[in-house]
Amino acid sequence: MATSALNLPLLPISQPMQPRTSRTTMTRKRRSRPLRAASAYALREGQSRRSHRLPCGLDLEVIAQHPPTPGPAAGRSERPPLVFVHGSFHAAWCWAEHWLPFFSRAGFSCFALSLRAQGESSVPSEAVAGTLETHTGDIADFIRKEVSFPPVLIGHSFGGLIVQQYISSLQGSEPLHPKLSGAVLVCSVPPSGNSGLVWRYLLAKPIAAVKVTLSLAAKAYANSLPLCKETFFSPQMDDELVQRYQDLMKESSKLPLFDLRKLNASLPVPCVPNSTLDVLVMGASNDFIVDAEGLSETAKFYNVQPVCVEGLAHDIMLDCSWQKGAEFFFSRDMFCVPCGMF
């Protein structure tokens, strides 16, 4: 298992680094390929797929779904847009499966992004997809150019850490990125990273630690249906459905999201004293990756009470009881804002 600069083992939630090809034998070029509808996730009714061009020339895949009926009349409450950010081995499709239809029917405009080198997004020339700063900047560019109202930003797993970095950019009189209506951290990596998670697994659950390492660092989840189910889903999940999601995960990541060593050296994310942003920290009782202590750490960082949804696993938006999580934070006050506040 790899170690951090502080000699702490790294929880391999993100993909392993791929070996660099010598520049003397091969010159790596920036690749910007079009969205391939034939190989992409099959959209559900009412969804659309497009690309968002970044200033660097790369394209991000965007799956969008809008309410089937017009917005509220003047003077009534309006629902802010929702922008969804996935974690490792996933892409925009993981939100499009259930949560985009659920929230669009409830009156929200929904946008699920695929980060660089994930899903149908362009692949950069570097050895990894990006850094916390580049991923955050990409999301900010999309919000600035494509979203008319301050959205609620929702991140899962390592996507939650990216959302935390975004939140830290909103401090001061001149925030670096566009403002938000709220943020939701779903089974998120804690603000200090994954070192604490690793130590707890090694000391308290050594067998689980081995399984997590095999599943994620060695990508054994891609070849073992039981391991994939144990890592991401509840035991009662139908095997045919697990197989479908496993196949999608295999194709989702062209490069690791981060260089884990550099990422851990840059953490924790900057604190946000006196922030007025509404932040919901939500975990799952059967999460095989982020434990209760990790959930509590994230909640304390934002001075909020964590919510642990019973009967759900790490992939809370795909699990067989996905409605529980969606219905819970649908009830939050952050989802209704007075018209005219923007």
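By its C-alpha gyration tensor, with a ≥ b ≥ c as the square roots of the eigenvalues, how is region 37-163 shaped: rounded for a/c under 1.5, else prolate for a/b larger than b/c, else oblate? Prolate is the answer for region 37-163, as a/c is 1.5 or above and a/b outweighs b/c.
Could you give the distance between the Cα centres of region 83-125 and region 131-198, to the whole Å? A separation of 14 Å, based on Cα centres.
Arranged from fewest to most other beta-carbon atoms within 10 Å of their beta carbon, Cys56, Cys94, Cys228 become Cys56, Cys228, Cys94. In terms of its C-alpha gyration tensor, region 272-312 comes out prolate, because a/c is 1.5 or above and the ratio a/b outweighs b/c.
Classify region 226-283 from the C-alpha gyration tensor, please: rounded if a/c falls under 1.5, else prolate or oblate depending on whether a/b exceeds b/c.
Values: a/c = 3.06, a/b = 1.68, b/c = 1.83.
It comes out oblate by the Cα gyration axes.
Coordinate-derived values only; no laboratory data. Owing to the predicted nature of the structure, the values given are computational and were not obtained by experimental measurement. Reconstructed Cβ throughout: ideal geometry from the backbone, glycine too, with neighbour counts over all protein chains shown.
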